Every structure is written in structure tokens, then in C-alpha cells.
């Protein structure tokens, strides 16, 4: 083992959980949505983890775009604090990009697939 890495305890205690075929189909589907094997999904949920949907490629791209826009806005704020003045056209362009990105996200948020603060949480 590499120096400096902590050894994880080996999972050596087997446990058998029985499901009806219908129950296991539900568990397997929820695990698939989270990008987990059913055994890992069950173990993590039993230990208190909140199962989360895996981010789709489209959502990952939106997150990257929002990060880039946020970076642009931070640079503009830094210029203002440095006394360099505020380039109005840059602010307007950054805000227009931000608004367009938010509008692409809104249809997903209003679809009812998420509830309150449980963003991405798998619900029964």
C-alpha cells in the first residue's frame, strides 16, 4: 500500500437481505439511476447515505457553463474592487449568459422530479 494512505477496513461480514422480485426490481432501478451496484446502493442507504441521481451529461455541461459565468462575474467584481471601473458591456454579456443558462435549467426544476431541499435525492 502507498505510504500516507489509510487502509480501509475490509468488508468481511456477509449479510443476506431477501426481497420479492418486485422489491428487488425497484432497488436495482434506483441503484442504476445512482450509478451504483445494488449491493453498494443497499449498503450506503442502510448506513445513512441519501441516494442521489447521477448527474447527466447535459447537467454536467450546464454546471460547467455556470462555473465559467460565475468566474467571469468574479473577475468583474475584482476589477471594480481594484478601482478599474466596471465595463458595462462585459457585465451585460455575463448576466445574459447567466439568464440563458438558468432558463435551460428551469424546465428540469419544475418537472416535479425533485422535492424541496432533496436535490437529486431518490424518492419512493
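A compact table of results
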{"read-out": "Residue in the range 53-76 that is within 30 Å of residue 31 (Cα to Cα), modelled with pLDDT of 75 or more and in contact with a strand residue (DSSP E or B) (Cβ under 9 Å, 6 or more places away or on another chain) present", "value": "yes"}
{"read-out": "Subset of the range 44-60 (residues that are out of contact with any helix residue (DSSP H, G or I) (no Cβ under 8 Å at 6 or more places or on another chain) and without any contact (Cβ under 8 Å) to a residue 60 or more places away in the chain)", "value": "44, 45, 46, 47, 48, 49, 56, 57, 58, 60"}
{"read-out": "Residue within the range 108-123 that is surrounded by 12 or more Cβ atoms within 10 Å (Cβ to Cβ), in contact with a helix residue (DSSP H, G or I) (Cβ under 6 Å, 6 or more places away or on another chain) and modelled with pLDDT under 80 present", "value": "yes"}
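The values are calculated or read from the model by the stated rules, or taken from the named source; none is laboratory data. From a predicted model like this one, the values you see are computed outputs, not experimental measurements. Every residue, glycine among them, receives a Cβ derived from its backbone with ideal geometry; neighbour counts consider all protein chains shown.
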